[in-house]
Amino acid sequence: MAPRVALVTGGHRRLGKAIALSLARQGFDVAISYRSGADVAQQVAQELRGLGVRATAVAAELTDPVQVQQLVDQVTQQFGRLDAVIASAASYRPTPLEQLDAKQFDAIMMENARAPVDLLLAAAPWLRQSGDGRAVLMGDLAGFTPFRGYLAHSMAKAALHAAVAGLAAEWAPQILVGGVAPGAVLQPAELADPDWRRLQGAVPMGQTALAQPEVPVEAVCAAVLWWLTCPRYAAGQVLRIDGGRSARW
């Protein structure tokens, strides 16, 4: 059988890159999309090919439905199939209520809720044709319990979680849809080390994350892989990979 093909949006950096590499190690051919950073994206594609799989990097503005369709067309033309979509690309911008306006709100909702759904709608014919089509939407803990100062982001991720359930119900049994909501698995560039240690200190498994920074990322990648390989009965759930953080709330 031909290798399965997975598309990972935002697969050229941070968690998206880790997911793309983990799938390549499992034998998936991998396409990654990027909005900026073409040189970095091409380097990641080369790294993926170094793992013995086919790989490509495609530029796409995911908030533009035309470019979304072009992304799917380019990937399927190159590989001849599309078996899995991992919607990892997202934004994370604070929106203090006194500064939140309609334009900013709409942009955040588009980036984090509508764009991933647009992508899945464009990919759906190929996922049905696959015979084992799967889609994973990357959610956020803020979609369960809103983060203070991030109202628009929290609302967008809540909408995305609803999309996981809605698409799973409407597309079953032809396409399996699931979600993953990572916790604090990668230190943000803008977060100082003491603040990062303080955050992890409040997480039940936080000491593991501090001692072995790769473990939380590996847990998220394993959750994505589980959705892509699990028996075709699980569907419509968002797995919280957060070191037990939400269990403490």
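Quick notes on this structure:
- Close pairs from the range 101-117: first closer than 14 Å to TYR150 by Cβ and aromatic (Phe, Trp, Tyr), partner at pLDDT 95 or above and surrounded by 13 or more Cβ atoms within 10 Å (Cβ to Cβ), Cβ under 7 Å, at least 6 apart: PHE105/ALA152
- When the range 122-136 is filtered for residues that are of a type in the set (D, E, K, R) and surrounded by fewer than 18 Cβ atoms within 10 Å (Cβ to Cβ), the ones remaining, listed by number, are ARG128, ASP132.
- Complete set of residues in the range 113-157 that are of a type outside the set (S, T, N, Q), more than 15 Å from SER88 (Cα to Cα) and not in a helix (DSSP H, G or I): GLY131, ASP132, GLY133, PHE144, PRO146, PHE147, ARG148, GLY149, TYR150
- Condition broken by GLU98, with the remaining ones in (1) out of contact with any strand residue (DSSP E or B) (no Cβ under 8 Å at 6 or more places or on another chain); (2) of a type in the set (D, E, K, R); (3) at pLDDT 95 or above satisfied: (3)
- Unique match (being buried (at least 18 other Cβ atoms within 10 Å of the Cβ), assigned to a helix (DSSP H, G or I) and touching a strand residue (DSSP E or B) at 6+ places or on another chain (Cβ under 8 Å)) among LEU176, LEU160: LEU160
- Per the conditions (1) of a type in the set (D, E, K, R); (2) at pLDDT 95 or above; (3) surrounded by fewer than 22 Cβ atoms within 10 Å (Cβ to Cβ), the sole criterion not satisfied by ASP83 is (3).
- Of all residues making up the range 1-24, the number that are exposed (fewer than 15 other Cβ atoms within 10 Å of the Cβ) and either touching a strand residue (DSSP E or B) at 6+ places or on another chain (Cβ under 9 Å) or assigned to a helix (DSSP H, G or I) (or both): 1
- Checking VAL8, VAL30, VAL75 one by one, the residue that is under 19 Å from ASP132 (Cβ atoms) and out of contact with any helix residue (DSSP H, G or I) (no Cβ under 8 Å at 6 or more places or on another chain) is VAL75 and no other.
The values are calculated or read from the model by the stated rules, or taken from the named source; none is laboratory data. From a predicted model like this one, the values you see are computed outputs, not experimental measurements. Every residue, glycine as well, gets a Cβ built from its backbone with ideal geometry; the counts of neighbours run over all protein chains shown.
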